[in-house]
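Chemist: Right, I'll just put the structure down here and ask away after.
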Amino acid sequence: MLKIRKAYKVQLKTNNNIENKLVRYCGSARFLWNKCLALNLDRLEKKQPILWYNELAFWLTVWKRSEEYGFLKECPSQVLQQKLKDLERAFRDCFDKSQPLKRVPVFKKRGLNDGIRFPQGFKIVGRRIFLPKIGWIGFYKSCTVSGKIKNITVSRKGDRWYASIQVEQMIEIGKHASDSEIGIDAGVICFAAFSDGTMINGVHSFRKHEYRLAREQRKLSRMEQGSNNWKKQKRKIAKLHHTIANVQSDFLHKLSTEVSENQAKVYVERLQVRNMSASAKGTIEEPGRNVKAKSGLNKSILDQGWFEFRRQLDYKLFWMGGMLAEVNPRHTSQRCSCCGHTAKENRVSQDVFRCQVCGHEENADVNAAKNILTVGQTEMIACQANRISGRQQEPAGTRKEVLPVAS
Ligand SMILES: [Zn+2]
(Lines give C-alpha, C1' and ligand atoms only; values in the text may rest on other atoms or scores of the structure.)
Protein backbone atom coordinates (compact mmCIF):
# COMPACT_ATOMS: atom_id res chain seq x y z
CA MET A 1 0.00 0.00 0.00
CA LEU A 2 1.21 3.46 -0.75
CA LYS A 3 0.06 6.84 0.50
CA ILE A 4 -0.58 9.28 -2.32
CA ARG A 5 -1.90 12.79 -2.59
CA LYS A 6 -4.48 13.66 -5.15
CA ALA A 7 -6.56 16.77 -5.88
CA TYR A 8 -10.18 17.22 -6.91
CA LYS A 9 -11.11 20.48 -8.58
CA VAL A 10 -14.66 21.79 -8.30
CA GLN A 11 -16.26 25.02 -9.45
CA LEU A 12 -17.69 27.19 -6.66
CA LYS A 13 -21.13 28.78 -6.70
CA THR A 14 -20.09 32.21 -5.47
CA ASN A 15 -22.13 35.36 -4.91
CA ASN A 16 -21.03 38.99 -4.69
CA ASN A 17 -20.49 38.84 -0.95
CA ILE A 18 -18.27 35.75 -1.15
CA GLU A 19 -16.42 37.03 -4.19
CA ASN A 20 -15.64 40.31 -2.45
CA LYS A 21 -14.09 38.45 0.46
CA LEU A 22 -12.14 36.11 -1.80
CA VAL A 23 -10.82 39.00 -3.87
CA ARG A 24 -9.69 40.85 -0.73
CA TYR A 25 -8.03 37.79 0.82
CA CYS A 26 -6.31 36.93 -2.44
CA GLY A 27 -5.15 40.53 -2.62
CA SER A 28 -3.67 40.40 0.88
CA ALA A 29 -1.94 37.10 0.18
CA ARG A 30 -0.55 38.43 -3.09
CA PHE A 31 0.63 41.61 -1.38
CA LEU A 32 2.44 39.58 1.27
CA TRP A 33 4.09 37.31 -1.29
CA ASN A 34 5.28 40.24 -3.38
CA LYS A 35 6.54 42.20 -0.37
CA CYS A 36 8.52 39.26 1.03
CA LEU A 37 9.79 38.29 -2.41
CA ALA A 38 11.02 41.84 -3.04
CA LEU A 39 12.72 41.80 0.35
CA ASN A 40 14.52 38.56 -0.42
CA LEU A 41 15.49 39.47 -3.98
CA ASP A 42 16.98 42.65 -2.63
CA ARG A 43 18.95 40.66 -0.07
CA LEU A 44 20.18 38.29 -2.79
CA GLU A 45 21.41 41.23 -4.87
CA LYS A 46 23.30 42.50 -1.82
CA LYS A 47 24.65 38.96 -1.23
CA GLN A 48 22.88 38.70 2.11
CA PRO A 49 21.23 35.46 3.26
CA ILE A 50 17.52 35.45 2.52
CA LEU A 51 14.76 35.39 5.15
CA TRP A 52 12.99 32.07 5.69
CA TYR A 53 9.53 31.28 7.00
CA ASN A 54 10.15 31.94 10.70
CA GLU A 55 11.65 35.38 10.16
CA LEU A 56 8.99 36.31 7.62
CA ALA A 57 6.22 35.11 9.94
CA PHE A 58 7.65 37.36 12.64
CA TRP A 59 7.59 40.34 10.26
CA LEU A 60 4.02 39.45 9.34
CA THR A 61 2.90 39.90 12.96
CA VAL A 62 4.70 43.25 13.08
CA TRP A 63 3.09 44.42 9.83
CA LYS A 64 -0.36 43.37 11.01
CA ARG A 65 -0.02 45.70 14.00
CA SER A 66 1.13 48.63 11.88
CA GLU A 67 -1.25 51.22 10.51
CA GLU A 68 0.09 50.96 6.99
CA TYR A 69 -0.33 47.20 6.61
CA GLY A 70 -3.12 46.71 9.16
CA PHE A 71 -5.41 45.46 6.39
CA LEU A 72 -3.56 42.14 6.57
CA LYS A 73 -5.42 41.43 9.84
CA GLU A 74 -8.66 40.92 8.00
CA CYS A 75 -7.39 37.92 6.02
CA PRO A 76 -7.39 34.50 7.77
CA SER A 77 -3.93 34.09 9.37
CA GLN A 78 -3.47 30.56 8.11
CA VAL A 79 -3.92 31.72 4.55
CA LEU A 80 -1.12 34.27 4.91
CA GLN A 81 1.12 31.76 6.66
CA GLN A 82 0.56 29.32 3.80
CA LYS A 83 1.70 31.99 1.33
CA LEU A 84 4.91 32.45 3.31
CA LYS A 85 5.44 28.70 3.30
CA ASP A 86 4.90 28.66 -0.47
CA LEU A 87 7.51 31.36 -0.87
CA GLU A 88 9.98 29.46 1.30
CA ARG A 89 9.35 26.32 -0.73
CA ALA A 90 9.82 28.25 -3.98
CA PHE A 91 13.20 29.55 -2.82
CA ARG A 92 14.31 26.14 -1.57
CA ASP A 93 13.32 24.50 -4.86
CA CYS A 94 15.11 27.08 -6.93
CA PHE A 95 18.36 26.47 -5.02
CA ASP A 96 17.88 22.70 -5.22
CA LYS A 97 20.27 21.23 -7.80
CA SER A 98 18.15 18.11 -8.23
CA GLN A 99 15.30 20.23 -9.58
CA PRO A 100 16.84 21.93 -12.60
CA LEU A 101 13.51 23.19 -13.89
CA LYS A 102 12.65 25.32 -10.89
CA ARG A 103 13.08 29.02 -11.43
CA VAL A 104 13.56 31.98 -9.13
CA PRO A 105 10.11 32.87 -7.76
CA VAL A 106 8.34 35.70 -9.57
CA PHE A 107 6.01 38.49 -8.51
CA LYS A 108 2.32 37.70 -8.60
CA LYS A 109 0.06 39.83 -10.75
CA ARG A 110 -3.47 40.73 -9.89
CA GLY A 111 -5.97 38.32 -11.43
CA LEU A 112 -3.24 35.95 -12.64
CA ASN A 113 -2.92 32.72 -10.68
CA ASP A 114 -4.68 34.28 -7.73
CA GLY A 115 -5.17 31.67 -5.08
CA ILE A 116 -5.32 31.05 -1.34
CA ARG A 117 -4.92 27.82 0.59
CA PHE A 118 -6.71 26.76 3.77
CA PRO A 119 -4.75 24.08 5.69
CA GLN A 120 -7.47 23.56 8.31
CA GLY A 121 -10.80 24.82 9.64
CA PHE A 122 -12.71 23.77 6.54
CA LYS A 123 -15.62 21.38 6.22
CA ILE A 124 -17.26 19.63 3.29
CA VAL A 125 -20.86 18.49 3.64
CA GLY A 126 -22.66 17.27 0.54
CA ARG A 127 -22.24 19.93 -2.10
CA ARG A 128 -21.11 22.69 0.20
CA ILE A 129 -17.72 23.77 1.48
CA PHE A 130 -17.18 25.75 4.67
CA LEU A 131 -14.15 28.04 4.72
CA PRO A 132 -12.97 30.07 7.75
CA LYS A 133 -13.89 33.79 7.64
CA ILE A 134 -15.89 33.16 4.45
CA GLY A 135 -18.65 30.71 5.36
CA TRP A 136 -20.55 28.09 3.38
CA ILE A 137 -20.15 27.99 -0.40
CA GLY A 138 -21.95 25.61 -2.74
CA PHE A 139 -20.06 23.86 -5.51
CA TYR A 140 -20.86 22.00 -8.73
CA LYS A 141 -20.26 18.40 -7.96
CA SER A 142 -18.39 16.70 -10.76
CA CYS A 143 -16.92 13.83 -8.80
CA THR A 144 -17.06 12.17 -5.41
CA VAL A 145 -14.33 13.30 -3.09
CA SER A 146 -12.75 10.36 -1.32
CA GLY A 147 -9.80 10.14 1.05
CA LYS A 148 -8.67 12.31 3.95
CA ILE A 149 -8.84 16.01 3.08
CA LYS A 150 -5.52 17.75 3.74
CA ASN A 151 -6.16 21.25 2.45
CA ILE A 152 -8.33 23.33 0.12
CA THR A 153 -7.02 25.90 -2.34
CA VAL A 154 -9.39 28.48 -3.77
CA SER A 155 -8.37 30.06 -7.04
CA ARG A 156 -9.80 32.19 -9.81
CA LYS A 157 -9.66 31.55 -13.53
CA GLY A 158 -11.26 34.33 -15.54
CA ASP A 159 -14.65 35.01 -13.94
CA ARG A 160 -14.92 31.68 -12.18
CA TRP A 161 -13.77 30.50 -8.79
CA TYR A 162 -12.57 26.97 -8.14
CA ALA A 163 -11.67 24.93 -5.10
CA SER A 164 -8.94 22.36 -5.36
CA ILE A 165 -9.46 19.78 -2.64
CA GLN A 166 -6.28 17.89 -1.82
CA VAL A 167 -6.76 14.47 -0.28
CA GLU A 168 -4.59 11.66 0.94
CA GLN A 169 -5.45 8.17 -0.27
CA MET A 170 -3.96 4.74 0.16
CA ILE A 171 -3.44 2.89 -3.10
CA GLU A 172 -2.12 -0.50 -3.94
CA ILE A 173 0.65 -0.72 -6.50
CA GLY A 174 0.78 -3.99 -8.36
CA LYS A 175 2.64 -5.18 -11.39
CA HIS A 176 1.99 -3.32 -14.62
CA ALA A 177 -0.59 -5.03 -16.81
CA SER A 178 1.65 -5.07 -19.85
CA ASP A 179 5.35 -5.72 -20.32
CA SER A 180 5.96 -3.54 -23.36
CA GLU A 181 8.54 -0.79 -23.52
CA ILE A 182 8.81 2.35 -25.59
CA GLY A 183 11.23 5.19 -26.23
CA ILE A 184 9.88 8.72 -26.59
CA ASP A 185 11.70 11.71 -28.04
CA ALA A 186 10.64 15.32 -27.73
CA GLY A 187 10.06 16.10 -31.38
CA VAL A 188 11.50 19.04 -33.24
CA ILE A 189 8.46 19.39 -35.50
CA CYS A 190 5.89 17.23 -33.69
CA PHE A 191 5.21 17.19 -29.96
CA ALA A 192 6.61 13.71 -29.39
CA ALA A 193 7.85 10.79 -31.47
CA PHE A 194 7.55 7.18 -30.29
CA SER A 195 9.95 4.37 -31.11
CA ASP A 196 7.04 2.43 -32.67
CA GLY A 197 6.77 5.17 -35.29
CA THR A 198 3.84 7.07 -33.81
CA MET A 199 4.13 10.84 -34.11
CA ILE A 200 2.06 13.02 -31.82
CA ASN A 201 1.19 16.33 -33.44
CA GLY A 202 -0.81 17.76 -30.56
CA VAL A 203 1.09 20.99 -30.33
CA HIS A 204 -0.36 22.22 -33.60
CA SER A 205 -3.86 22.27 -32.18
CA PHE A 206 -2.82 25.13 -29.89
CA ARG A 207 -1.55 27.18 -32.79
CA LYS A 208 -4.93 28.44 -33.93
CA HIS A 209 -5.69 29.62 -30.40
CA GLU A 210 -2.30 31.25 -30.21
CA TYR A 211 -2.90 33.18 -33.42
CA ARG A 212 -6.22 34.33 -32.04
CA LEU A 213 -4.60 35.35 -28.79
CA ALA A 214 -1.99 37.41 -30.61
CA ARG A 215 -4.72 39.09 -32.66
CA GLU A 216 -6.83 39.94 -29.62
CA GLN A 217 -3.77 41.28 -27.83
CA ARG A 218 -2.98 43.57 -30.76
CA LYS A 219 -6.55 44.84 -30.60
CA LEU A 220 -6.15 45.52 -26.88
CA SER A 221 -2.97 47.51 -27.41
CA ARG A 222 -4.87 49.89 -29.73
CA MET A 223 -7.61 50.56 -27.16
CA GLU A 224 -7.67 53.35 -24.65
CA GLN A 225 -6.36 51.98 -21.40
CA GLY A 226 -9.01 51.76 -18.67
CA SER A 227 -11.93 52.32 -21.05
CA ASN A 228 -14.94 50.01 -21.04
CA ASN A 229 -13.93 48.40 -24.32
CA TRP A 230 -10.44 47.88 -22.96
CA LYS A 231 -11.82 46.12 -19.89
CA LYS A 232 -14.06 43.98 -22.06
CA GLN A 233 -11.13 43.04 -24.26
CA LYS A 234 -9.04 42.20 -21.17
CA ARG A 235 -11.70 39.76 -20.03
CA LYS A 236 -11.86 38.22 -23.49
CA ILE A 237 -8.11 37.64 -23.41
CA ALA A 238 -8.20 36.14 -19.92
CA LYS A 239 -10.86 33.72 -21.14
CA LEU A 240 -8.74 32.79 -24.14
CA HIS A 241 -5.74 32.10 -21.90
CA HIS A 242 -8.00 29.86 -19.88
CA THR A 243 -9.17 27.98 -22.97
CA ILE A 244 -5.62 27.42 -24.18
CA ALA A 245 -4.53 26.13 -20.77
CA ASN A 246 -7.50 23.74 -20.70
CA VAL A 247 -6.88 22.45 -24.21
CA GLN A 248 -3.23 21.82 -23.39
CA SER A 249 -3.99 20.22 -20.04
CA ASP A 250 -6.59 17.86 -21.58
CA PHE A 251 -4.19 16.89 -24.32
CA LEU A 252 -1.30 16.15 -21.95
CA HIS A 253 -3.43 14.18 -19.51
CA LYS A 254 -5.04 12.07 -22.23
CA LEU A 255 -1.68 11.28 -23.80
CA SER A 256 0.12 10.49 -20.54
CA THR A 257 -2.76 8.26 -19.36
CA GLU A 258 -2.81 6.36 -22.63
CA VAL A 259 0.96 5.82 -22.66
CA SER A 260 1.17 4.80 -19.00
CA GLU A 261 -1.67 2.29 -19.42
CA ASN A 262 -0.12 0.63 -22.46
CA GLN A 263 3.58 0.70 -21.64
CA ALA A 264 5.29 -0.71 -18.58
CA LYS A 265 8.60 1.06 -19.21
CA VAL A 266 9.03 4.39 -20.90
CA TYR A 267 12.45 5.78 -21.77
CA VAL A 268 13.10 9.47 -22.33
CA GLU A 269 16.25 11.53 -22.61
CA ARG A 270 17.69 13.01 -19.49
CA LEU A 271 17.01 16.74 -19.47
CA GLN A 272 19.86 18.81 -20.76
CA VAL A 273 18.87 22.15 -19.32
CA ARG A 274 20.40 21.31 -15.95
CA ASN A 275 23.62 23.25 -16.32
CA MET A 276 22.00 26.42 -17.51
CA SER A 277 19.50 26.79 -14.72
CA ALA A 278 21.70 25.49 -11.92
CA SER A 279 24.40 28.03 -12.63
CA ALA A 280 21.90 30.84 -12.80
CA LYS A 281 20.69 30.28 -9.28
CA GLY A 282 23.80 29.60 -7.25
CA THR A 283 23.31 27.89 -3.92
CA ILE A 284 21.70 28.78 -0.62
CA GLU A 285 25.11 29.48 0.88
CA GLU A 286 26.18 31.51 -2.10
CA PRO A 287 23.09 33.19 -3.52
CA GLY A 288 22.92 33.60 -7.26
CA ARG A 289 24.65 36.13 -9.36
CA ASN A 290 22.46 38.10 -11.78
CA VAL A 291 19.42 36.28 -10.52
CA LYS A 292 17.04 38.68 -12.20
CA ALA A 293 18.60 38.62 -15.65
CA LYS A 294 18.96 34.87 -15.85
CA SER A 295 15.58 33.81 -14.56
CA GLY A 296 13.96 35.27 -17.68
CA LEU A 297 16.19 33.28 -20.01
CA ASN A 298 15.37 29.95 -18.42
CA LYS A 299 11.65 30.50 -18.70
CA SER A 300 11.70 30.46 -22.49
CA ILE A 301 13.61 27.17 -22.59
CA LEU A 302 11.65 25.45 -19.90
CA ASP A 303 8.16 26.72 -20.39
CA GLN A 304 6.91 23.87 -22.50
CA GLY A 305 4.33 21.15 -22.25
CA TRP A 306 7.00 18.52 -22.65
CA PHE A 307 8.16 18.89 -19.06
CA GLU A 308 4.64 18.66 -17.74
CA PHE A 309 4.13 15.58 -19.92
CA ARG A 310 7.19 13.91 -18.39
CA ARG A 311 6.04 14.77 -14.89
CA GLN A 312 2.63 13.21 -15.53
CA LEU A 313 4.16 10.13 -17.14
CA ASP A 314 6.44 9.72 -14.14
CA TYR A 315 3.72 9.55 -11.51
CA LYS A 316 1.08 7.80 -13.63
CA LEU A 317 3.50 5.05 -14.60
CA PHE A 318 4.54 4.70 -10.99
CA TRP A 319 0.93 4.32 -9.85
CA MET A 320 0.35 1.62 -12.41
CA GLY A 321 3.44 -0.35 -11.48
CA GLY A 322 5.46 0.81 -14.48
CA MET A 323 8.35 3.24 -14.61
CA LEU A 324 9.83 6.18 -16.43
CA ALA A 325 13.57 5.93 -16.98
CA GLU A 326 15.97 8.55 -18.26
CA VAL A 327 18.75 7.69 -20.64
CA ASN A 328 21.95 9.43 -21.62
CA PRO A 329 20.99 11.69 -24.54
CA ARG A 330 24.42 11.53 -26.19
CA HIS A 331 24.27 10.90 -29.97
CA THR A 332 20.63 9.78 -29.98
CA SER A 333 19.87 12.19 -32.83
CA GLN A 334 22.95 11.30 -34.91
CA ARG A 335 23.04 7.52 -34.59
CA CYS A 336 21.42 5.26 -37.17
CA SER A 337 18.84 3.09 -35.41
CA CYS A 338 19.43 0.37 -38.05
CA CYS A 339 23.21 -0.09 -38.23
CA GLY A 340 24.51 2.11 -35.43
CA HIS A 341 26.60 4.40 -37.65
CA THR A 342 26.93 7.72 -35.84
CA ALA A 343 27.62 10.92 -37.77
CA LYS A 344 26.40 14.49 -37.89
CA GLU A 345 25.84 14.09 -41.64
CA ASN A 346 23.14 11.47 -41.01
CA ARG A 347 20.82 14.26 -40.01
CA VAL A 348 19.91 15.57 -43.43
CA SER A 349 17.47 18.21 -42.23
CA GLN A 350 15.44 19.01 -39.13
CA ASP A 351 13.01 16.19 -39.78
CA VAL A 352 14.84 13.77 -42.09
CA PHE A 353 17.41 11.20 -41.03
CA ARG A 354 19.39 9.34 -43.73
CA CYS A 355 22.21 6.99 -42.77
CA GLN A 356 25.37 7.65 -44.78
CA VAL A 357 26.43 3.99 -44.50
CA CYS A 358 23.36 1.75 -44.80
CA GLY A 359 20.99 4.24 -46.41
CA HIS A 360 18.28 3.82 -43.77
CA GLU A 361 15.88 6.74 -44.04
CA GLU A 362 13.36 7.77 -41.42
CA ASN A 363 11.78 10.69 -39.63
CA ALA A 364 14.60 12.08 -37.48
CA ASP A 365 12.54 12.13 -34.27
CA VAL A 366 11.34 8.54 -34.68
CA ASN A 367 14.93 7.45 -35.33
CA ALA A 368 15.99 9.20 -32.12
CA ALA A 369 13.14 7.58 -30.17
CA LYS A 370 14.30 4.16 -31.39
CA ASN A 371 17.80 4.95 -30.16
CA ILE A 372 16.44 6.06 -26.80
CA LEU A 373 14.63 2.71 -26.46
CA THR A 374 17.78 0.76 -27.41
CA VAL A 375 20.00 2.73 -25.02
CA GLY A 376 17.40 2.32 -22.27
CA GLN A 377 17.11 -1.42 -22.77
CA THR A 378 20.87 -2.05 -22.81
CA GLU A 379 21.47 0.21 -19.85
CA MET A 380 18.64 -1.39 -17.91
CA ILE A 381 20.20 -4.79 -18.43
CA ALA A 382 23.49 -3.42 -17.13
CA CYS A 383 21.68 -1.92 -14.14
CA GLN A 384 19.83 -5.11 -13.28
CA ALA A 385 23.01 -7.20 -13.62
CA ASN A 386 24.70 -4.91 -11.15
CA ARG A 387 21.83 -5.20 -8.75
CA ILE A 388 21.76 -8.96 -8.90
CA SER A 389 25.47 -9.12 -8.13
CA GLY A 390 24.73 -6.82 -5.20
CA ARG A 391 27.10 -4.05 -6.20
CA GLN A 392 24.50 -1.47 -6.85
CA GLN A 393 21.10 -0.61 -5.53
CA GLU A 394 18.59 0.88 -7.85
CA PRO A 395 17.76 4.39 -6.74
CA ALA A 396 14.58 4.62 -4.71
CA GLY A 397 11.70 6.92 -5.53
CA THR A 398 9.42 7.30 -8.47
CA ARG A 399 11.98 8.06 -11.12
CA LYS A 400 14.70 5.56 -11.72
CA GLU A 401 17.64 6.99 -13.51
CA VAL A 402 19.49 4.68 -15.84
CA LEU A 403 23.19 5.12 -15.39
CA PRO A 404 25.22 5.52 -18.57
CA VAL A 405 27.42 2.55 -19.37
CA ALA A 406 31.08 3.07 -20.15
CA SER A 407 31.68 2.59 -23.87
ZN1 LIG B 1 22.70 2.92 -40.90
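The values are calculated or read from the model by the stated rules, or taken from the named source; none is laboratory data. Predicted model, so just to flag it, every value in this text is computed and none were measured. A quick note on method: Cβ atoms are made from the backbone with ideal geometry, for glycine too, and the neighbour counts reach across all protein chains shown. Areas reflect the complete protein model, heavy atoms only, side chains present, ligands, DNA and RNA absent. Shrake-Rupley method; radii C 1.70, N 1.55, O 1.52, S 1.80 Å.
Chemist: If only one of ALA177, ALA193 is among the aliphatic types (A, V, I, L, M) and open to solvent by 40 Å² or more (accessible area, probe 1.4 Å), which one is it?
Modeler: ALA177
Chemist: Right, here's the next one. Would you tally the residues in the stretch 50-84 being loosely packed, with under 12 Cβ neighbours inside 10 Å and in a loop (DSSP other than H, G, I, E, B)?
Modeler: Of the residues in that region, 3 qualify.
Chemist: Then there's this: Between VAL154, VAL125, VAL145, which is among the aliphatic types (A, V, I, L, M) and modelled with pLDDT under 90?
Modeler: One residue alone meets the criteria, VAL145.
Chemist: Limited to the stretch 330-378, what total is found for residues that are more than 10 Å from the ligand (Cβ to nearest atom), assigned to a helix (DSSP H, G or I) and not β-branched (Val, Ile, Thr)?
Modeler: 11
Chemist: Being open to solvent by less than 50 Å² (accessible area, probe 1.4 Å), at positive phi and not charged (D, E, K, R) is the requirement here; does GLY121 meet it?
Modeler: yes
Chemist: Moving on to the next point. Quick one: SER98 ticks every box in (1) within 25 Å of ASN151 (Cα to Cα); (2) within 27 Å of the chain's Cα centre (by Cα); (3) not in a helix (DSSP H, G or I); (4) not aliphatic (A, V, I, L, M) bar one, so which box is it?
Modeler: Unmet for SER98, out of (1) within 25 Å of ASN151 (Cα to Cα); (2) within 27 Å of the chain's Cα centre (by Cα); (3) not in a helix (DSSP H, G or I); (4) not aliphatic (A, V, I, L, M): (1).
Chemist: All but one of (1) within 29 Å of LEU240 (Cα to Cα); (2) small (Gly, Ala, Ser); (3) open to solvent by less than 50 Å² (accessible area, probe 1.4 Å) hold for ALA7; which doesn't?
Modeler: (3)
Chemist: Okay, moving on. If I go through the stretch 319-371 residue by residue, how many of them are surrounded by fewer than 18 Cβ atoms within 10 Å (Cβ to Cβ), touching a residue at least 60 places away in the same chain (Cβ under 8 Å) and within 17 Å of ALA193 (Cβ to Cβ)?
Modeler: Adding up the residues that qualify gives 2.
Chemist: When TYR211 is evaluated against the numbered criteria (1) surrounded by 13 or more Cβ atoms within 10 Å (Cβ to Cβ); (2) of a type in the set (Ser, Thr, Tyr); (3) without any contact (Cβ under 8 Å) to a residue 60 or more places away in the chain, which criterion, by number, is the only one it fails?
Modeler: (1)
Chemist: Let me ask something else about it. Can you pull out the residues in the stretch 157-170 that are surrounded by 12 or more Cβ atoms within 10 Å (Cβ to Cβ) and at pLDDT below 85?
Modeler: LYS157, GLY158
Chemist: What are the pairs with Cβ atoms under 6 angstrom where one residue, in the stretch 115-137, is farther than 15 Å from LEU22 by Cα and the other, located anywhere, is part of a loop (DSSP other than H, G, I, E, B)? Sequence gap at least six, or different chains.
Modeler: Qualifying pairs under 6 Å: GLY121/PRO132; ARG127/LYS141.
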